[in-house]
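Novice: Encoded as structure tokens, here's the structure I'll be asking about.
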Amino acid sequence: AQSVTQLDSQVPVFEEAPVELRCNYSSSVSVYLFWYVQYPNQGLQLLLKYLSGSTLVESINGFEAEFNKSQTSFHLRKPSVHISDTAEYFCAVSRTGNTGKLIFGQGTTLQVKP
Amino acid sequence: DAGVIQSPRHEVTEMGQEVTLRCKPISGHNSLFWYRQTMMRGLELLIYFNNNVPIDDSGMPEDRFSAKMPNASFSTLKIQPSEPRDSAVYFCASSLVSGGNTEAFFGQGTRLTVV
């Protein structure tokens, strides 16, 4: 079985500051890793994913995450946040071969202040 | 493609009534998933289908919940009878599971309130 722990339920940060949202996972088998973002009253949108290859993955809006197998982590980072990044962020894992059967963390609310 | 389409977006019903949530997956996707989101339990998988066949329904909370996928372009999640504790946001997602996997694409969700 897999599990995901997001270590912070809320992360307040000022605009243009860097941010890191932490995610650790547990699994006895190989996994895929994902970050999804949910804006208020919206569905989940994929932010970035790690399936294989380079352990550093990037999104089109400046977020990046690094897969660290030894530490079983997949932390999300952004060097400079915008007000529009305010949302809830979910880390998720799936077994390799089924990207839709996801185990989600509890979510981290990113609050970007002006 | 219009993405995963769910209806209705909002549903308010009285306890004991039957509720049916609907989902149209992305054309060409062969897997469909129903998730539930609550404050207490977060996002949890209820059931998923592969090629219209239910593969894993271990997340369905009890017999009051049922899901069907009569064809590749339509699925329903039914609650009968509904209870206040079923109030949640229900998401449908679809993906293509094959030699190369796509990620899961989520619908906008149905916010269910049972009073």
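The values are calculated or read from the model by the stated rules, or taken from the named source; none is laboratory data. Owing to the predicted nature of the structure, the values given are computational and were not obtained by experimental measurement. Reconstructed Cβ throughout: ideal geometry from the backbone, glycine too, with neighbour counts over all protein chains shown. Surface areas here come from the heavy atoms of the whole protein model, side chains and all, with no ligands, DNA or RNA. Shrake-Rupley method; radii C 1.70, N 1.55, O 1.52, S 1.80 Å.
Novice: I'd like the full set of residues that are open to solvent by 20 Å² or more (accessible area, probe 1.4 Å) and under 27 Å from B:ARG85 (Cβ atoms), limited to region B:14-38.
Specialist: The initial filter retains those residues of region B:14-38 that are open to solvent by 20 Å² or more (accessible area, probe 1.4 Å), namely B:14-18, B:20, B:22, B:24, B:26-30, B:36-38.
Within region B:14-38, B:GLU14, B:MET15, B:GLY16, B:GLN17, B:GLU18, B:THR20, B:ARG22, B:ARG36, B:GLN37, B:THR38 qualify.
Novice: Continuing with this model, one more query. Kindly provide the set of residues from region A:69-86 that are small (Gly, Ala, Ser) and more than 12 Å from the chain's Cα centre (by Cα), ordered by number. If you could, list the steps in order and put the result at the bottom.
Specialist: To start, the set of residues in region A:69-86 that are small (Gly, Ala, Ser) comprises A:70, A:73, A:80, A:84.
If the condition is that a residue be small (Gly, Ala, Ser) and more than 12 Å from the chain's Cα centre (by Cα), then A:SER70, A:SER80, A:SER84 are the ones that fit.
Novice: Also, quick follow-up: If you scan region A:10-54, which residues turn out to be away from chain B (no Cβ under 11 Å), among the polar types (S, T, N, Q) and within 14 Å of the chain's Cα centre (by Cα)?
Specialist: Across region A:10-54, the qualifying residues are A:GLN10, A:ASN24.
Novice: Now a separate question. What pairs can you find where one residue is in region B:8-34 and under 23 Å from B:GLU103 (Cα atoms), the other is acidic (Asp, Glu), and their Cβ atoms are less than 7 Å apart, with a gap of 6+ or different chains?
Specialist: Going by the 7 Å Cβ cut-off, the qualifying pairs are B:ILE26/B:ASP1; B:SER27/B:ASP1.
Residue by residue, here is whether (1) of a type in the set (Phe, Trp, Tyr); (2) at pLDDT 95 or above holds:
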| position | (1), (2) |
| --- | --- |
| B:ARG41 | no, no |
| B:ASN50 | no, no |
| B:SER58 | no, no |
| B:ARG64 | no, yes |
| B:ILE79 | no, yes |
| B:VAL89 | no, yes |
| B:PHE105 | yes, no |
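Novice: Residues A:VAL112, A:VAL81: which one is assigned to a loop (DSSP other than H, G, I, E, B), more than 14 Å from chain B (Cβ to nearest Cβ), over 30 Å from B:ASP57 (Cβ atoms) and at pLDDT 95 or above? Spell out how you get there, then give the answer.
Specialist: Working: A:VAL112 fails: assigned to a loop (DSSP other than H, G, I, E, B).
After ruling out the rest, the residue left standing is A:VAL81.
Novice: Another question about this same structure. Within region B:35-89, count every residue that is touching a residue at least 40 places away in the same chain (Cβ under 8 Å), out of contact with any Gly (no Cβ under 9 Å at 6 or more places or on another chain) and β-branched (Val, Ile, Thr).
Specialist: Looking only at that region, the number is 3.
Novice: For region A:43-52, state whether one or more residues are within 28 Å of B:SER94 (Cβ to Cβ), in a loop (DSSP other than H, G, I, E, B) and open to solvent by less than 80 Å² (accessible area, probe 1.4 Å). Full working, then the answer.
Specialist: Pass one, region A:43-52, residues within 28 Å of B:SER94 (Cβ to Cβ): A:43-52.
Those left that are additionally in a loop (DSSP other than H, G, I, E, B): A:43, A:51-52.
Now drop any that are not open to solvent by less than 80 Å² (accessible area, probe 1.4 Å), which leaves A:43, A:51.
Yes, the conditions are met somewhere in region A:43-52.
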